[in-house]
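K.L.:
Have a look at this one.
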Amino acid sequence: GGAGGKVRCKIEWDEGTQRPIVPVQVGHACAIQDFGEVQSGRDGWHCSEGGFDWPKGFRSTRQFPSMTKDGKSAYVCEIVEGDDSMPSFRIREECDEGSEPFVGKSPSLCWEHVLAKVNQARAAKRPRNA
């Protein structure tokens with residue numbers, strides 16, 4: 001990390017499109033693949049706790065312990081428009097393309113499901129005492 005626990009990253013810009021060049025590496029375990037589009041003024045797309053708007057189409061990858069194999073795996077995290085026109089958050093393990101993603105109304109809820117599944121997989125591998 002950087003000073004005060006904050007992660008710093010260098011963002012390069014495409015002069016033609018005036019958009020950041022992706023991927024952008026954030027720390028050692030996360031990369032932004034798509035910054036998405038801010039949905040200014042749309043109900044439900046503003047996070048009052050953080051004081052920012054959720055960008056529709058945002059996509060990142062993050063290294064985290066795997067749910068399906070030993071070691072770490074890349075997880076794809078996305079913000080999409082749900083059936084109710086509100087932001088919906090999806091996380092899936094990149095190596096497990098056929099599986100259903102974890103979907104929720106907040107990124108925290110999705111990560112809680114991932115963590116529970118990782119812990120479940122770890123517990124299943126532990127030797128049992130007789």
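The values are calculated or read from the model by the stated rules, or taken from the named source; none is laboratory data. Note that the coordinates shown come from a computational prediction; the quantities given were computed from them, not determined experimentally. The accessibility values were calculated without ligands, DNA or RNA, using every heavy atom of the protein model including side chains. Shrake-Rupley method; radii C 1.70, N 1.55, O 1.52, S 1.80 Å.
K.L.:
With 10 Å bins from zero, work out the P(r) of the chain over every alpha carbon pair and list the percent per bin.
P.N.:
Bins of 10 Å from zero give 11, 34, 35, 15, 4, 1, 0 percent of pairs.
K.L.:
Using the C-alpha gyration tensor of region 62-103, what are the square roots of 5 times its eigenvalues, in whole angstrom, with the largest one first? If you can, show how the numbers build up before the last one.
P.N.:
Values: eigenvalues 110, 19, 8 Å².
Output for region 62-103: semi-axes of 23, 10, 6 Å.
K.L.:
Can you tell me the orientation of helix 107-125 relative to the chain, as the angle in degrees between its alpha-carbon axis and the longest Cα principal axis, to the nearest 10?
P.N.:
20
K.L.:
Continuing with this model, one more query. What part of the accessible area of the chain, given as a whole %, is carbon or sulfur when the probe is 1.4 angstrom?
P.N.:
On the way: 4400 of 8870 Å².
Answer for the chain: carbon and sulfur cover 50 percent of the accessible area.
K.L.:
Here's a follow-up. For Lys117, give me every one of the lysines with a C-alpha distance below 27 angstrom, ignoring sequence neighbours fewer than eight places off in its own chain.
P.N.:
Lys56, Lys69, Lys72, Lys105, Lys125
K.L.:
Over the chain, calculate the relative contact order: mean separation of alpha carbon pairs under 8 Å at least 6 apart, over the residue count, as a percent. Let's see the in-between values first.
P.N.:
Numbers: 213 pairs, mean separation 17.5, N = 130.
Rounded, it is 13 percent for the chain.
K.L.:
So how much accessible area does Met67 have, in Å² to the nearest 10, using a 1.4 Å probe?
P.N.:
For Met67, solvent-accessible area is about 30 Å².
K.L.:
Counting only heavy atoms of the protein chains, get the accessible area per residue of the chain (1.4 Å probe) and round it to a whole Å² value.
P.N.:
On the way: 8870 Å² over 130 residues.
Per residue, the chain has an accessible area of 68 Å².
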